[in-house]
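Here is the structure we will look at, set down as structure tokens.
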Amino acid sequence: MANFNIKRLSEDIRREISAAVSGVKDPRVAKNFVTVTRCELTNDMSYCKVWVACLGGSDVTAKAVEGMTAASGYFKKQIAGAVRMRKIPELIFQPDNSLEYSEHIEDIIAHLPKHAEDNSQSSDKEDGDED
């Protein structure tokens, strides 16, 4: 039961931080399209890791993480007003580079040689000829 509660609170915190991003005046956050991809609340609810992604690469994401870390007090205030918790967790912002990683994997797959598929199809045709 407690695990469900932590997952629900993590999602509530993610939702509130996502909504509060538009109110941040720090140019590192305000000028970039910042997306909160996921949150992970610890079992004792004292820390919450928040993964952030931005369009424009890892450099832009790193600067946005710095800006969001500087504005963590603002985010905690927004969470306190919307989510009922005894103690608001300490927010730890981390860059989420999974989008870049998935693009990298897609490029690798796109550049794989296609002869492996051709060989399997030709061997299927040869098997059919033997019947």
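The values are calculated or read from the model by the stated rules, or taken from the named source; none is laboratory data. If you're wondering where the values come from, they're calculated on a predicted model, not measured in any experiment. Cβ placement follows ideal geometry from the backbone for every residue including glycine, while neighbour counts extend to all protein chains displayed.
For the stretch 1-33, the set of residues classified as buried (at least 16 other Cβ atoms within 10 Å of the Cβ), in contact with a Cys (Cβ under 8 Å, 6 or more places away or on another chain) and under 26 Å from ARG84 (Cβ atoms) consists of SER10, ILE13, ARG14, ILE17, listed by residue number. Across the stretch 63-74, the number of residues qualifying as buried (at least 20 other Cβ atoms within 10 Å of the Cβ) and β-branched (Val, Ile, Thr) comes to 1. Only residues that are in a loop (DSSP other than H, G, I, E, B) and surrounded by fewer than 15 Cβ atoms within 10 Å (Cβ to Cβ) were counted across the stretch 34-59, and they come to 7.
Quick test for you: out of GLU126, GLU106, pick the one residue that is assigned to a helix (DSSP H, G or I), at pLDDT below 85 and surrounded by fewer than 16 Cβ atoms within 10 Å (Cβ to Cβ).
Values: GLU106 fails: at pLDDT below 85.
That would be GLU126, the only listed residue that is assigned to a helix (DSSP H, G or I), at pLDDT below 85 and surrounded by fewer than 16 Cβ atoms within 10 Å (Cβ to Cβ).
So which residues in the stretch 55-70 are closer than 25 Å to LYS7 by Cβ and in contact with a helix residue (DSSP H, G or I) (Cβ under 7 Å, 6 or more places away or on another chain)? Across the stretch 55-70, the qualifying residue is only MET68. The residues of the stretch 75-85 that are touching a residue at least 12 places away in the same chain (Cβ under 8 Å) and surrounded by fewer than 16 Cβ atoms within 10 Å (Cβ to Cβ), listed by number, are ALA82, VAL83, MET85.
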